[in-house]
Amino acid sequence: MREALEGSQAIARAVALCDPDVVAAYPITPQTHIVENLSKLVAEGDLHTEFVSVESEFSAASVVLGAAASGARAYTASSSQGVLLMAEVLFNIAGMRIPLTMTVANRAVSAPLNIWNDHADSMAVRDSGWIQLHCENNQEAVDTTIQSFKIAQDTDLPVMVCMDGFVLTHTMEVIDIPTHAQVRKWLPPFVFKRALDPSDPKSLGALVSPDFFPEVRHSHHAAVDKALPVIEKVDASWAKTFKRDCGGLLTVEGPEDAKVGILAMGSTVGTLRTGLEHHDGPGAKLIKLRAFRPFPADALRAAVAGLDSLIVIDRAISPGLGGILGSEVKSTLYGMPNAPRIHNHAIGLGGRDIPESIVGDLLSSIEDPDAPAFSVFDADLSMLPPEDR
Amino acid sequence: MTTTDNTKRVARLAELREKFGRHPVEPQEKHYQGGSQRDRQPRFCGLESGHRACQGCGEALAARLVMECAGPDVMVANATGCLEVFTTPWPQTAWQVPWIHSLFENSAAVASGMEAAMKAKGKNTKILAFGGDGGTYDIGFQALSGMLERYHNILYVCYDNEAYMNTGIQRSSSTPHAASTTTSPAGAERMGKRHLKKDLLSIIAAHHIPYSASASVAYPADLQRKVRYAMGIEGPTFLVVHSPCPLGWKHDSHVTIEVARRAVECGLFPVVEVERGAVANVMPIREVRPVADYLGMQGRFGHLMDPNDPRAVEELTHLQALADYNISHYNLRGEGEDPADTAGITLVARDRAAGES
Amino acid sequence: MVVINRGAHAEPGTSLEFKTGNWRSSECPTHIHAKAPCHAACPAGEDQQAWFAWLQEGHVEEAWRELVSANPLPGVTGRVCPHPCETACNRVSIDTPLAIHNVERWLGDEAVSKGWAYPVEAPAEDAPCVAIVGSGPGGLSAAYHCLRNGLRAEIFEALPEAGGLLRSAIPPTRLPRPALDAEIGRLLALPGITLNLRSKLGRDVLLDELKHSHAAVILSPGCGESKEWNVDGAVPTDLHEGLHLLREFMDHGQFPEARRVAVHGGGNTAIDLCRLMKRHGVEQVTLVTASALPGPDTDPNDLINVVPRELEEALEEGIEIVEHATVKRLIMKGSRVTGVEIVALKKLLGTDGRMHRIQFEGTERVVPVDMVIPCIGERVKADGLHNLLNRWHYLDAKDAWSRTDLDNIYAIGDSRGDRGTVAEAIGDGRLAVQAIAANLKGEADPQADDRPEMPAAGLNKVYFGAVKRTVPPKLPVGERTFEAEIEGDIGRLEALREATRCLSCGNCLACDNCWVMCPDNAVIKTAELAKDGSHYLFDLDYCKGCGICAQECPTGFIQMKEDTWHEGD
Amino acid sequence: MIEYRIHGRGGQGSVAAAYLLASAAFEAGHTCQAFPAFGAERRGAPVTAFVRIDNKPIHLRSQVRTPDFLIVQDDTLLLDREITDGLKPGGAMIVNTKRSDDEVAEAFSCRTKCIPATELAMEYIGRPIPNTALLAAFLTMTGHLPVDALAAALKGRFKGKLLDNNLALIQRVTGMVEPGAWKETEHA
């Protein structure tokens, strides 16, 4: 049913539709509204779950680890510093191959303290071995949240649903929320074969020596890699039932013969789309990357075929290197015949508002032969003393 | 005997499967051979042989004793530490119960999740959380406090060997005053650890949970009684078990029990029970030993044993004062339970059998 | 080929595949049923710890049967034995030794009053018969052990009653005749023992005959003759020696008149005599002994060789004892003694490496007395044994089995010269018969029990608290007569209570300590009693050799010994 | 697409006003987007919220820089002269104040409607929340959402007496302003 809902509220509703056995979360801006709305659903009796009000994000992650390992469908949500406080557990959950879902309301990581949106938090844990899916809007966030439970249990991997903090979480828009019956029909009950169980007592989290560690690590890598078709399949199955999809691994829009492309993740894509619509001149392809982990290398190569230039928008940087997504795209396209030239820019760091007019600036910047390989595009460097530029 | 016991085990498994809705499977013959003496022991073996603990490990003993009266319908969350490392070198595990290790500092939180899962599924399998003193007094303290406050139905057992043994004997907040560790070494300038052992039990007690207690491997029957008592309580319970580490405390492996016993007898490790924040019971010390009897057995206090070194004398006196404080604070001096408590106490404690106190 | 499963989880109990037994560096725990010190110290060969174990479980008859498997006369030894078992008892290191002696007596009396059957069977009609000369404790023990070994026994006793020195030399205040008669009577009534009274060797029966008519001969004649008394100068014509006086008194209840008496000697006969004379009305009784009275620094080798309790009672009764002294000379007035000159003396190590008794010149003094009684020991009467006696008038026995130089002839008890107690005689009788039985079957001598003894240091005393020793009732000095037994019965309750004081040195108590305290779960409890008598086995596949079980074993039954295990054994 | 900017103070319900307006748009069959200018502001500090209403999906996520309308919840905010920055030519502003329309319009050189919304709210609802009155006046004047849509949106939020009071307040305010006065702006 279509409703005008705030993003966080919609996510809470979506989570509730999946009948989680255990929810544990600790409040942090801008994830707070998700937790509050879940608490409210529990308080109103609309959601029957063990809601564990933990004393930190670290414990939130630990609680869902324990719960999922015990055979419970588990959910948590966090943001920024919270994600970083969870970091140790996040690696652990993934390494133990425990399926669960976490929403990350993407936010910058301090210092300096900043509560607004960018992707520094989920990027910081990109090597944890989780599946990371980015959402453009709240409809996608709702749909991806429900899909993530299925992806998790089909792959025995945890799934991080990344949605831009404030920009999505605090924005009201019209969202189609499936019914409980529809979700129950589509989403199978939670099954975790290795679940802790006194009638079949296994030990989870053993010490693995160098004799076996590389193999175990490889198997984890292979498992995340093999999640690519699962993500596509689940989205396809979703589309079949609900008549809308989330774009699988990535989507490509724009004229077939465009020579320029822009690649981005999350809510930025919407602004870029609007900007492109209003931009005069030869059209450009817009590539929306949904799956950041696993990284859809093949799909990306196909998507950029024929492009001369590709502008990769980062919402986080790796100081000393530049854009993270940009670097990954470059390495993916390395050696590809006629690979497009990559223009990598970080925009909207720490919640800097991204106007649609930025599209024009981006497109014209590729004409500049002296443009740096990477820039914080919307930064006004004149504000910095010369030695700090 | 063989058939009866095997029948019992099969029946128990069937019962558990019924409870957990699993498809019945045969017991794994490989590890339950049924016919051997080992399989016919009249106790539940939650922690099997073949683990890699050091000779004379107090923690291995304590964990085995705890599992005996806790299992088999339990699940364990284990913090990183010796207990975890020596029991589960993949592909083997010494555990016969569902067991999970996640991290150093989150066993209480993982256990909370397991307990929440049990609640959500309507099962009453008891959750145990295990940690060493590092994982309990220090890095895992916050998660533990949260677990207690949220009133999870979990028994948390802290195996207290008074230092980070897994990483090579570094001081923790549980390390006693003046003990020498690799990060509080005794030297020309310093006499070992400068700070006091954290009074964890009082902090735990301040959570006003139903039951918290200290116990020692030297008094196994007392320890097991406390575990059974805690198992029967619906809500958070806490047990700290003094578990000597021959390696870290620098004593011979065969005196593990003796060292633990002396810690109790001198008053440095009070064995007490706390209910809802109030001391409910203490193990009385019949004959109080001087702390030197306890400290002198251990290399970590070796630097205190030189009567010609005034600094050593001062620290030794300090430790004696701490023990005296415990004795008067908990009113430990007295008659009552026999301190030399074993499973076969009635066979051994002849004075009690003779009706003398 | 290892297959790595998802998330690297592990299946329960798989650590059993990893045998930590090879971690033991040198020693492994072993069950060692060491000798309890009481048992090691018992000349009769009793295993006190074993029969106390029965008592601890309340099985009184079993306890007695265990006791009489070595010593058939607990009612006697429970009254007269100097109980070296108590001296050896490890409980001394906690409080006071067990009252083994009192409990033994109670057990013996209990058996008599309940009529419990001795654990023997009648020997076959054609079973070999052993001739036993003398019916003292050694002879009676030998006869009894013949039955236990399937042999018949024929006793030849010179006197009209059986009992030897038990009857002739021990006053009824220590060994009441009804108790003696009852126990001896029960023993002699056992089928397979023939008793010939008034059959004196050399007169009624000859050794050569016995040698031919019987499978073996055990000589247990005792010492019926006093040793020669060497003293400088004159001796009174009516000199009475101690054993003789004692026998006279037993038979007639009379002593020669005297106001002040000096007794020279240091054994039980001397003490018995002193006490009887004192009680008889002698004003002053002085015992002159070369040995020392017990004290904190007394060398055990120097200690006066009497039952401690008897010594204590003697002092209570006012006997004066002069230690480290000897009688050098008698002061005579005509043929009458008026005093003894005594001189200080001590046993000292000489340059030849042997102990010598050295008199110290200048320490002489005179004690005025009316009578002096030498009581310095006895020797074998030569009747019928001339060619067997050595120069000290003893029979030479050359080994633990009491063999003499003659085939199939054994000499036991006091007659060996190196014995001095009833318990020793009883032990000799048992060992000699065991050797004879083995010999008759063509077997080698039975193995001596060479198990090590459990020292007090081998126990873990933490597990034993202090418990007061039972105190037997005793007649006050003023009420002591010549007939009434001075020390009383402790009774069933006290006996059973005393049993709980036993530390069970070297014996498994089934306390579960090893089973409970093994960090490696390497102790296996068994329902059936294992070969070594315990309910526990060590699983050496997993034992890392930490030694906790040995340290915490209360009784020292578990000890760390050299490792002989190899994986796969 | 029509864009709105709402100015208020922390605690006055600016975000609620944005959500209410968006909800009303949804009730009227439009697509909508409402979001605050996310900040860490505390009670009393000036805050801003944005609303976009359209008839097709709204992809644009940037803040509203050139609003068609301004809704000012507190006349003390008028002290900030930049409050009308970016207002489209022909745009309009509705202000919660007891001052006259002309006084304010003159000062900011834009079409202005002043409503004593706080007083009205106090009278009808008993709390100084100006949203219902401001939005009711605004919708009546622009006419691009039926006032019923606002009532429907309120029904999704409130119940019972509070709802009745709010609905009564709508009735009152619609009578205070000229319906369709700003209608042409819709096509601006």
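Per-residue answers, yes or no, for (1) in contact with a helix residue (DSSP H, G or I) (Cβ under 6 Å, 6 or more places away or on another chain); (2) in contact (Cβ under 8 Å) with a residue 40 or more places away in the chain; (3) at the interface with another protein chain (Cβ under 8 Å from one of its Cβ atoms); (4) at positive phi:
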site: A:THR101; (1), (2), (3), (4): yes, yes, no, no
site: A:LEU113; (1), (2), (3), (4): no, no, no, no
site: A:ILE131; (1), (2), (3), (4): yes, yes, no, no
site: A:VAL161; (1), (2), (3), (4): yes, yes, no, no
site: A:VAL167; (1), (2), (3), (4): no, yes, yes, no
site: A:MET172; (1), (2), (3), (4): yes, yes, yes, no
site: A:LEU187; (1), (2), (3), (4): yes, yes, no, no
site: A:ASP200; (1), (2), (3), (4): no, no, yes, no
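With respect to being buried (at least 24 other Cβ atoms within 10 Å of the Cβ), of a type outside the set (Asp, Glu), farther than 20 Å from A:PHE212 by Cα and more than 7 Å from every other protein chain (Cβ to nearest Cβ), B:ALA79 fits the description. Residues that are under 19 Å from D:THR132 (Cα atoms) and within 11 Å of chain A (Cβ to nearest Cβ) within the stretch D:34-51 comprise D:ALA34, D:PHE35, D:PRO36, D:ALA49, D:PHE50, D:VAL51, listed in sequence order. Scanning the stretch A:250-264 for residues that are more than 13 Å from every other protein chain (Cβ to nearest Cβ), under 18 Å from the mean Cα position of the chain (by Cα) and crowded, with 24+ Cβ neighbours inside 10 Å gives a single hit, A:LEU263. The lone criterion from (1) small (Gly, Ala, Ser); (2) crowded, with 24+ Cβ neighbours inside 10 Å; (3) within 14 Å of chain B (Cβ to nearest Cβ); (4) in contact (Cβ under 8 Å) with a residue 24 or more places away in the chain left unmet by A:SER56 is number (2).
Test B:TRP95 against the stated conditions and say whether it is within 7 Å of chain A (Cβ to nearest Cβ), touching a strand residue (DSSP E or B) at 6+ places or on another chain (Cβ under 9 Å), free of Cβ contacts under 8 Å to residues at least 24 places away in the same chain and not small (Gly, Ala, Ser).
So B:TRP95 fails the test.
Got a sec? Which of C:GLY334, C:GLY362, C:GLY353 is exposed (fewer than 14 other Cβ atoms within 10 Å of the Cβ) and farther than 22 Å from C:GLY233 by Cα? Outline the logic, then answer.
Values: C:GLY334 fails: farther than 22 Å from C:GLY233 by Cα; C:GLY362 fails: farther than 22 Å from C:GLY233 by Cα.
Step by step, each of C:GLY334, C:GLY362, C:GLY353 is checked, and only C:GLY353 is exposed (fewer than 14 other Cβ atoms within 10 Å of the Cβ) and farther than 22 Å from C:GLY233 by Cα.
Selection of the stretch A:174-202 for residues being modelled with pLDDT under 95 and hydroxyl-bearing (Ser, Thr, Tyr) yields only A:SER199. In the stretch A:360-382, the residues that are outside the structural domain of A:GLY320 (by TED's automatic domain parsing) form no Cβ pair under 7 Å with any partner that is assigned to a loop (DSSP other than H, G, I, E, B) and of a type outside the set (Lys, Arg), whether six or more places apart or across chains. Please indicate, with yes or no, whether at least one residue in the stretch B:271-290 is buried (at least 17 other Cβ atoms within 10 Å of the Cβ) and under 24 Å from B:ALA53 (Cβ atoms). Yes, the stretch B:271-290 has at least one match.
Of the candidates C:GLU66, C:GLU46, C:GLU27, C:GLU62, the single residue that is touching a Phe, Trp or Tyr at 6+ places or on another chain (Cβ under 8 Å), of a type in the set (Asp, Glu) and in contact (Cβ under 8 Å) with a residue 12 or more places away in the chain is C:GLU66. Here is a list of conditions, (1) within 14 Å of another protein chain (Cβ to nearest Cβ); (2) part of a strand (DSSP E or B); (3) β-branched (Val, Ile, Thr); (4) in contact (Cβ under 8 Å) with a residue 40 or more places away in the chain, and A:VAL224 meets all of them except one; can you say which number that is? The failed condition is (2).
Restricting the stretch C:516-555 to residues that are within 9 Å of chain B (Cβ to nearest Cβ) and among the aliphatic types (A, V, I, L, M), the residue that is nearest to C:LYS461 (Cα to Cα) is C:ALA550. Go through the stretch C:457-516 and give me each residue that's without any contact (Cβ under 8 Å) to a residue 60 or more places away in the chain and of a type in the set (S, T, N, Q). The one that is without any contact (Cβ under 8 Å) to a residue 60 or more places away in the chain and of a type in the set (S, T, N, Q): C:ASN513. Within the stretch C:10-35, track down each residue that is in contact with a strand residue (DSSP E or B) (Cβ under 8 Å, 6 or more places away or on another chain), more than 8 Å from chain B (Cβ to nearest Cβ) and assigned to a loop (DSSP other than H, G, I, E, B). The answer is C:SER26, C:ILE32, C:ALA34.
Counting only strands (runs of 3 or more DSSP E) wholly contained in the stretch C:292-375, the ones carrying 3 or more residues that are more than 19 Å from C:MET277 (Cβ to Cβ) occupy C:325-333, C:336-349, C:355-359. Of the listed requirements (1) touching a Ser or Thr at 6+ places or on another chain (Cβ under 9 Å); (2) surrounded by fewer than 18 Cβ atoms within 10 Å (Cβ to Cβ); (3) in contact (Cβ under 8 Å) with a residue 40 or more places away in the chain, A:ALA297 misses just one: (3). For the residues C:LEU246, C:LEU273, C:LEU303, the requirement of being over 26 Å from C:LYS381 (Cα atoms) and of a type in the set (A, V, I, L, M) singles out C:LEU303. Put simply, of C:LEU348, C:LEU389, C:LEU311 the only residue that is loosely packed, with under 13 Cβ neighbours inside 10 Å and either under 27 Å from the mean Cα position of the chain (by Cα) or closer than 22 Å to C:PRO300 by Cα (or both) is C:LEU348.
Answer yes if at least one residue in the stretch D:5-21 is within 18 Å of A:GLN139 (Cα to Cα), of a type in the set (Phe, Trp, Tyr), at the interface with another protein chain (Cβ under 8 Å from one of its Cβ atoms) and touching a residue at least 40 places away in the same chain (Cβ under 8 Å), and no otherwise. No: zero hits. Residues in the stretch C:472-519 that are of a type in the set (Asp, Glu), farther than 21 Å from C:GLY75 by Cβ and assigned by TED's automatic domain parsing to the domain that holds C:GLU57: C:GLU479 alone. A count restricted to the stretch C:159-187 and to residues that are in a loop (DSSP other than H, G, I, E, B) and under 25 Å from C:LYS381 (Cα atoms) stands at 11. All of (1) assigned to a strand (DSSP E or B); (2) out of contact with any helix residue (DSSP H, G or I) (no Cβ under 6 Å at 6 or more places or on another chain); (3) of a type in the set (A, V, I, L, M) hold for B:ALA188 with one exception: (1).
One residue alone among C:ARG497, C:ARG492 is surrounded by fewer than 24 Cβ atoms within 10 Å (Cβ to Cβ), of a type in the set (Lys, Arg) and facing chain B (nearest Cβ under 9 Å), and that residue is C:ARG497.
The residues in the stretch A:1-24 that are under 18 Å from the mean Cα position of the chain (by Cα) and more than 14 Å from chain D (Cβ to nearest Cβ) can be counted, and the count is 4. Within the stretch B:247-279, if we keep just the residues that are under 15 Å from the mean Cα position of the chain (by Cα) and over 25 Å from B:THR317 (Cβ atoms), the residue that is farthest from the other protein chains (Cβ to nearest Cβ) turns out to be B:GLU273.
The values are calculated or read from the model by the stated rules, or taken from the named source; none is laboratory data. All of these numbers come straight from a predicted model, not from anything done at the bench. Heads up, the Cβs are rebuilt from the backbone with ideal geometry, glycines too, and the neighbour counts pull from every protein chain shown.
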